[in-house]
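Visitor: This is the structure, below, for whatever I ask next.
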Amino acid sequence: MLIVTTDGIEGRRIVDYLGIVSGDAIVGANVFRDIFARVRDVVGGRAGGYEAALRGAKKHAIEDMIEEAEAAGANAIVAVDLDCEVIGDSMLMVSANGTAVRLG
């Protein structure tokens, strides 16, 4: 499955547009990770726990988007966009959206 953020794939022709596909992942931040992140904010440095949670959420959202595209018969997804939102005080939502296409 080819996945790109552009509207097309150089050297390939889109023969069929199969619709918008998406995947979402919501992860919760645990109390200990929150405490260590706050300490990092004060003393500087990166919040590794949050970075790992964000990477995992992006991976799951993209995997869900790919599954939806495969079910539609696509062999590529174009115009992919990733969005992140904070929900409440301790939840993070990542959404992956794109257009499922069939390449010739």
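The values are calculated or read from the model by the stated rules, or taken from the named source; none is laboratory data. Here the structure is a predicted model, which is why all the values come from computation and not from measurement.
Visitor: Just give me the residues in the range 1-47 being modelled with pLDDT under 65, aliphatic (A, V, I, L, M) and either part of a loop (DSSP other than H, G, I, E, B) or under 11 Å from Val101 (Cα atoms) (or both), in sequence order.
Guide: Ala29, Ala47
Visitor: Next question, about the same structure. Starting from residues that are polar (S, T, N, Q) and at pLDDT 95 or above, keep the ones in the range 66-99 and report whichever is farthest from the chain's Cα centre (by Cα).
Guide: Residues of the range 66-99 polar (S, T, N, Q): 75, 90, 95, 97, 99.
Checking which are at pLDDT 95 or above leaves us with 75, 95, 97, 99.
Working: Asn75: 18, Ser95: 5, Asn97: 8, Thr99: 14 Å.
Step by step, filter the range 66-99, then rank; the result is Asn75.
Visitor: State yes or no: is Glu63 part of a helix (DSSP H, G or I), within 18 Å of the chain's Cα centre (by Cα) and modelled with pLDDT of 90 or more? Break it down stepwise before answering.
Guide: On the way: part of a helix (DSSP H, G or I): yes; within 18 Å of the chain's Cα centre (by Cα): yes; modelled with pLDDT of 90 or more: yes.
Taking the combined requirement at face value, the residue satisfies it.
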